[in-house]
1. So which residues in region 113-144 are more than 14 Å from Ala101 (Cα to Cα), open to solvent by 30 Å² or more (accessible area, probe 1.4 Å) and modelled with pLDDT of 95 or more?
2. Within region 83-117, can you find the residues that are assigned to a helix (DSSP H, G or I) and of a type in the set (Ser, Thr, Tyr)?
3. From the set of residues in region 123-169 that are of a type in the set (Lys, Arg), under 15 Å from the mean Cα position of the chain (by Cα) and in a helix (DSSP H, G or I), which is farthest from Arg42 (Cα to Cα)?
4. Being closer than 27 Å to Val52 by Cβ, in contact with a Ser or Thr (Cβ under 9 Å, 6 or more places away or on another chain) and open to solvent by less than 60 Å² (accessible area, probe 1.4 Å) is true for just one of Ala106, Ala155. Which residue is that?
5. Looking at region 52-74 only, could you name the residues that are over 22 Å from Ala132 (Cα atoms), open to solvent by 20 Å² or more (accessible area, probe 1.4 Å), touching a residue at least 24 places away in the same chain (Cβ under 8 Å) and aliphatic (A, V, I, L, M)?
6. Select from region 123-169 the residues that are of a type in the set (D, E, K, R), within 18 Å of Ala25 (Cβ to Cβ) and touching a residue at least 60 places away in the same chain (Cβ under 8 Å) and list them in ascending order.
7. All but one of (1) surrounded by fewer than 19 Cβ atoms within 10 Å (Cβ to Cβ); (2) at pLDDT below 95; (3) part of a helix (DSSP H, G or I) hold for Asp41; state the number of the condition that does not hold.
8. Could you please let me know if Asp77 is among the acidic types (Asp, Glu) and either in contact (Cβ under 8 Å) with a residue 40 or more places away in the chain or touching a helix residue (DSSP H, G or I) at 6+ places or on another chain (Cβ under 8 Å) (or both)?
Amino acid sequence: MMSTQEQRNVREEQQKQEKQGETAAEALRQVHSTRAHSAYDRAVAACRYAGVGQDAAEVVPKDPVGRAANALRLSADSLAALAASAPDPAADARCARNAAATAALAAQVAAARDDGPASASALHAALAASRAAAAAAGGSARGQDASLNAGAEEAERHAVAMARAAGWV
């Protein structure tokens, strides 16, 4: 039988471990949230460049413009849910992945309006950022793999730079 002091020590250690887990989840939330907001901002800018407004959103999109507008709406809802929920690395990474996919879709629409080399580079960077975000959200680590998260962050920074070079941002 454990003494009262031993029981207290065990409880304190458990609380310490729980606190560390919460701190790690909060840190991951910040990483994924920052990337998600950046991708969403890229998507909004690319849509604006292409003349796509949220009013073009359709429940069942029939063309790339409708799909991009609808994806913007869904990403905005996802970001709002992210802000209102408790940190969950897997869900947070999926939100960032979805925002990156939205940005890739928006980049396709923007690149279709301007077939120059800067737009092509921005489109390729957006697709790469979407793939990197998908890799970070997937697999067994589900949003917790530091290497995959770093790769997704770097791909997002590159996509922002290419979107800026194309004049989308």
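1. Answer for region 113-144, where residues must be more than 14 Å from Ala101 (Cα to Cα), open to solvent by 30 Å² or more (accessible area, probe 1.4 Å) and modelled with pLDDT of 95 or more: Pro117, Ala118, Ala120, Ser121.
2. Residues of region 83-117 that are assigned to a helix (DSSP H, G or I), as a first pass: 83-84, 89-113, 117.
Result: Thr102, single match.
3. Keep residues of region 123-169 that are of a type in the set (Lys, Arg), which gives 131, 142, 157, 164.
This time we only want the ones that are under 15 Å from the mean Cα position of the chain (by Cα), so: 131, 142, 157.
Now drop any that are not in a helix (DSSP H, G or I), which leaves 131, 157.
Values: Arg131: 16, Arg157: 11 Å.
Checked region 123-169; the qualifying residue farthest from Arg42 (Cα to Cα) is Arg131.
4. Details: Ala106 fails: in contact with a Ser or Thr (Cβ under 9 Å, 6 or more places away or on another chain).
Of the residues listed, the single one that is closer than 27 Å to Val52 by Cβ, in contact with a Ser or Thr (Cβ under 9 Å, 6 or more places away or on another chain) and open to solvent by less than 60 Å² (accessible area, probe 1.4 Å) is Ala155.
5. Val65, the sole residue that qualifies.
6. Kept after step one, since they are of a type in the set (D, E, K, R), are these residues of region 123-169: 131, 142, 145, 153-154, 156-157, 164.
Still in the list and also within 18 Å of Ala25 (Cβ to Cβ): 142, 145, 153.
The one that is of a type in the set (D, E, K, R), within 18 Å of Ala25 (Cβ to Cβ) and touching a residue at least 60 places away in the same chain (Cβ under 8 Å): Glu153.
7. Only one criterion is unmet by Asp41, namely (2).
8. Values: among the acidic types (Asp, Glu): yes; either in contact (Cβ under 8 Å) with a residue 40 or more places away in the chain or touching a helix residue (DSSP H, G or I) at 6+ places or on another chain (Cβ under 8 Å) (or both): no.
No, not satisfied.
The values are calculated or read from the model by the stated rules, or taken from the named source; none is laboratory data. Since this is a predicted model, take the numbers as computed values, not measurements. For neighbour counting, all protein chains shown are included, and Cβ atoms are generated from backbone atoms with ideal geometry for every residue, glycine included. Heads up: the accessible areas ignore ligands, DNA and RNA and are worked out on the full protein's heavy atoms, side chains in. Shrake-Rupley method; radii C 1.70, N 1.55, O 1.52, S 1.80 Å.
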